[in-house]
Amino acid sequence: MNATTDTRPAWNARLTEAVPPQHPLREAAARYGPVLALYGTLKLIGFTVFLTLLHTAGDFREKNPRFGGGAHPWDVLATWDGWWYRQIAEHGYDPALVPVPGATGMITLEGNSAAFFPLYPALMRLVSETTGLGSYGAGLLVSVLASFAAALGIYTVAEHLGGRRAGLAAAGLWAVWPGSGVEWAVYSDSLYVALAAWSCHAMLSRAWLTAGLLTFLAGLNRPTAGALIAALGVAVALALHRHRQDEGVVRPLLALAVAPLGLFGYLAWVGHRMGDYGGYFKLQDGAWAHTFDYGEQTLDVLTSLPVGHFDYLFAYPFADVVGVGTVLLALTMLGLLLRHRPPAPLVVYTVLTLALILGSQQIFANVSRYLLPAFPLYLPLAFALRRLSPLMMCWPLGIAAVASGSYAGYVLFELGVP
């Protein structure tokens with residue numbers, strides 16, 4: 001196949017242009033400004049549609065302020081998990097396994113904030129104390145800033161592999177992907193994706209200490225950081241196998257040693273405080289019915305919903321339709337991604353993220369949000385969109401942004417459980 005017909009991205013080569021030297025700030029603005037503008041515009045469109053739908057429907061006024069309700073449409077952004085994060089930011093942790101008196105069903109333990117990892121609420125508290133904002137405002141500020149950092153991280157990975165237009169498209173897709181309604185809410189997802197994307201870029205660039213530190217921080221934010229730790233392990237193993245003498249072995253091995261400390265350190269601390277080193281997992285299972293079931297519940301939903309049966313666990317029919325569509329889209333994109341033969345660390349990270357999410361028993365309506373970290377799935381579509389001019393690229397992304405106010409925002413928060 002000649003160069004004119006082979007459309008696969010050159011994974012080991014970046015598109016470069018000869019540009020005259022300029023001031024570092026101007027250079028950064030020229031490179032990253034369009035990325036931030038595109039992401040911010042698309043996100044603002046979807047966010048506005050989301051709040052408009054909330055105001056128009058008005059259902060939130062009749063709901064519990066903890067569970068998708070409030071006095072104003074924007075109050076919804078700090079409900080569900082957001083309520084727990086605010087409690088941690090304001091009051092800290094008190095890990096405990098407290099049985100529900102007389103419980104005999106699936107939920108046998110009282111909910112406890114220890115189920116939520118500490119990095120995001122710690123930043124909320126820091127920002128709140130520094131700026132004078134309350135936990136709500138601080139949480140939104142951290143999430144919004146982290147979402148822009150995530151957009152830049154996704155851009156750098158896609159640009160590294162497929163050029164500038166691919167990077168722009170990938171950042172735009174991050175704004176409109178299913179589940180993106182939590183990016184500007186009191187949720188930890190944007191922070192985790194920012195850490196994961198920049199960590200993956202550091203792995204591809206062989207900036208080992210940076211990758212190790214970012215993975216460590218990601219482990220303090222979400223339990224699915226296990227996929228990121230495994231990806232770093234593969235990246236280090238490949239580097240050592242190829243005997244890169246110019247890099248040495250100390251930095252890669254040090255990065256690999258530091259990376260898991262955040263995740264396992266938090267799990268150990270929770271277990272120690274509970275008096276049971278498996279306490280975190282017992283809490284998730286007993287208080288939220290969230291456990292690894294090797295995909296049994298996911299299969300149940302995928303086989304029940306298409307025939308109109310809603311007798312599976314935690315059924316939210318409208319939101320689950322979006323969830324099923326997201327799973328099918330993710331599996332389709334995974335096949336296309338593998339066809340492009342991306343670097344092994346990205347494959348490991350993406351496949352394990354999918355396995356951890358789809359292999360778990362959980363509220364299925366959450367799946368679109370849980371799959372947000374699998375951002376390498378955006379790459380095949382981003383490589384297709386890069387053939388368009390930037391102006392034409394904005395057309396499909398803009399339409400998706402309008403629609404995202406419903407499928408990624410309203411459906412998630414009001415018709416399901418985010």
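Quick look at the values:
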| read-out | value |
| --- | --- |
| Segment 272-289, residues that are open to solvent by less than 70 Å² (accessible area, probe 1.4 Å) and either more than 21 Å from V100 (Cβ to Cβ) or touching an Asp or Glu at 6+ places or on another chain (Cβ under 7 Å) (or both) | A287 |
| Residue within segment 390-406 that is among the β-branched types (V, I, T) and within 20 Å of the chain's Cα centre (by Cα) present | no |
| Any hit, segment 291-307, residues being surrounded by fewer than 18 Cβ atoms within 10 Å (Cβ to Cβ), part of a helix (DSSP H, G or I) and in contact with a strand residue (DSSP E or B) (Cβ under 9 Å, 6 or more places away or on another chain) | yes |
| Output for segment 98-108, where each listed residue is at pLDDT 90 or above and either open to solvent by less than 60 Å² (accessible area, probe 1.4 Å) or among the charged types (D, E, K, R) (or both) | V98, V100, T108 |
| Of all residues in segment 30-66 being closer than 16 Å to A166 by Cα and aromatic (F, W, Y), the one that is surrounded by the most Cβ atoms within 10 Å (Cβ to Cβ) | Y39 |
| Condition met for A185 (within 20 Å of T41 (Cα to Cα), of a type in the set (G, A, S) and touching a helix residue (DSSP H, G or I) at 6+ places or on another chain (Cβ under 8 Å)) | yes |
| Single condition F314 does not satisfy, out of (1) at pLDDT 95 or above; (2) out of contact with any Pro (no Cβ under 8 Å at 6 or more places or on another chain) | (1) |
| Subset tally (residues that are in contact with a Ser or Thr (Cβ under 6 Å, 6 or more places away or on another chain) and among the acidic types (D, E)) for segment 391-418 | 0 |
| Residue list for segment 217-255, restricted to those being over 15 Å from A344 (Cβ atoms) and in a helix (DSSP H, G or I) | L217, A218, G219, A225, G226, V250, R251, L253, L254, A255 |
| Matching entry among W80, W74 (being without any contact (Cβ under 8 Å) to a residue 40 or more places away in the chain, out of contact with any Lys or Arg (no Cβ under 6 Å at 6 or more places or on another chain), over 30 Å from P380 (Cβ atoms) and open to solvent by 30 Å² or more (accessible area, probe 1.4 Å)) | W74 |
| Wholly within segment 335-418, helices (runs of 4 or more DSSP H) carrying at least 1 residues that are open to solvent by 50 Å² or more (accessible area, probe 1.4 Å) | 344-358, 379-385, 390-404 |
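The values are calculated or read from the model by the stated rules, or taken from the named source; none is laboratory data. Quick caveat: nothing in here was measured; it's all calculated off a predicted structure. Glycine gets a Cβ as well: all are built from the backbone with ideal geometry, and neighbour counts include every protein chain shown. The accessibility values were calculated without ligands, DNA or RNA, using every heavy atom of the protein model including side chains. Shrake-Rupley method; radii C 1.70, N 1.55, O 1.52, S 1.80 Å.
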